[in-house]
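Novice: Right, I'll just put the structure down here and ask away after.
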Amino acid sequence: MILVTGVNGNLGSATLAALRAGGAVAMGGSRKAAEGVRRLDFDDHASLDLAGVSTLVLVSAGYAEDDQVVERHTAVLDAAVRDGVRHVVYTSLTTAGDHLGFALAHRATERLVRASGLPWTILRNGLYAELFGGLLIWTDHGLESPFGDGALAAVAREDLAEAAAVVAANPARHSGRVYDLVGTPITARQVADELGVAHRAIGLGEYRRRLLEETPGLLPFQPPMLASIATSIRHGFLDGTAPDLTDLLGRAPRDPLAAAVAAASAARPAVSV
């Protein structure tokens, strides 16, 4: 049986759906148990029961400080070894993402996966096209962003889910492999053009100020993470391409620009009348 963690999130749920659509015997894991979902709370080690799991798709629990993320992943991998899991598929971060503020937890987890003694596959996922579109800022005059003219080799989340399902359904074929799953470079200006609005670049200092002063609800570790995405895109560190995603999918990936445009459009404030 294949088990996918984090199925309360978008990537985990899409991966589980792709596995089931392909006929695989798969179930999900989440903090809350439900039909077809096993309770797996990474902070409650007693809940980490992986008995009967042959392949574990470990979707990164990255929504926390680095030490907490690594502790969570360590606990899950320890349970995988204890309970006889035969293969681990880890959703990591694109190789170019070493410049990002959340890279350390991913690279530390990759070390843990390799050191576990279990057969493994590492999927170094590019940043979501949906995230890129969602980070663009609507104003009365169009869109603003801190990305300048920089491009992001963005990926539609659904493609990353399908790639994970391909690997998990036939793990022996992909054992010991590291795949760099990036897409076609897109820019904020292209998104604005598709939406028929103007795009204005703002400075990184202005962006950081807005994150700290004008964005309620952000946790302390999030502004530095978001600022690192902005500067990495702006200065051309996340626009490289690779063939791995196409090779795994056996087809051309979905258009990341369309996914980014849809996400930006969904975030557009309603016009009052």
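Novice: Hey, can you tell me all the residues within the range 191-212 that are small (Gly, Ala, Ser) and either assigned to a strand (DSSP E or B) or free of Cβ contacts under 8 Å to residues at least 12 places away in the same chain (or both)?
Specialist: 196, 198, 201, 205 - these are the residues of the range 191-212 that are small (Gly, Ala, Ser) and either assigned to a strand (DSSP E or B) or free of Cβ contacts under 8 Å to residues at least 12 places away in the same chain (or both).
Novice: Here are 5, 15: which of them is touching a residue at least 24 places away in the same chain (Cβ under 8 Å) and within 21 Å of residue 114 (Cβ to Cβ)?
Specialist: 5
Novice: For the range 8-39, give me the residue count where each residue is among the hydrophobic types (A, V, I, L, M, F, W, C), in a loop (DSSP other than H, G, I, E, B) and at pLDDT 95 or above.
Specialist: Qualifying residue count for the region: 2.
Novice: Among the residues of the range 253-262, how many are closer than 15 Å to residue 160 by Cβ and either out of contact with any strand residue (DSSP E or B) (no Cβ under 7 Å at 6 or more places or on another chain) or not in a helix (DSSP H, G or I) (or both)?
Specialist: Counting residues in the range 253-262 that are closer than 15 Å to residue 160 by Cβ and either out of contact with any strand residue (DSSP E or B) (no Cβ under 7 Å at 6 or more places or on another chain) or not in a helix (DSSP H, G or I) (or both) gives 4.
Novice: Please indicate, with yes or no, whether at least one residue in the range 265-273 is buried (at least 16 other Cβ atoms within 10 Å of the Cβ) and touching a helix residue (DSSP H, G or I) at 6+ places or on another chain (Cβ under 9 Å).
Specialist: no
Novice: Return the residue satisfying two criteria in turn: it lies in the range 102-141 and is out of contact with any Leu (no Cβ under 8 Å at 6 or more places or on another chain) and closer than 26 Å to residue 191 by Cβ, and of such residues it is surrounded by the most Cβ atoms within 10 Å (Cβ to Cβ).
Specialist: 133
Novice: Which one of these does residue 64 not meet: (1) among the aliphatic types (A, V, I, L, M); (2) in contact (Cβ under 8 Å) with a residue 60 or more places away in the chain; (3) surrounded by 23 or more Cβ atoms within 10 Å (Cβ to Cβ); (4) closer than 21 Å to residue 29 by Cα?
Specialist: (3)
Novice: Taking the options 245, 238, name whichever one is touching a residue at least 60 places away in the same chain (Cβ under 8 Å), under 20 Å from residue 150 (Cβ atoms) and out of contact with any Cys (no Cβ under 7 Å at 6 or more places or on another chain).
Specialist: 238
Novice: Follow-up. Collect the residues in the range 224-238 that are surrounded by fewer than 19 Cβ atoms within 10 Å (Cβ to Cβ) and touching a strand residue (DSSP E or B) at 6+ places or on another chain (Cβ under 9 Å), keeping them in residue-number order.
Specialist: 236, the sole residue that qualifies.
The values are calculated or read from the model by the stated rules, or taken from the named source; none is laboratory data. On a predicted model such as this, the values are computed, not experimentally measured, just so you know. Please note: Cβ atoms are built from the backbone with ideal geometry, for glycine as well, and neighbour counts cover all protein chains shown.
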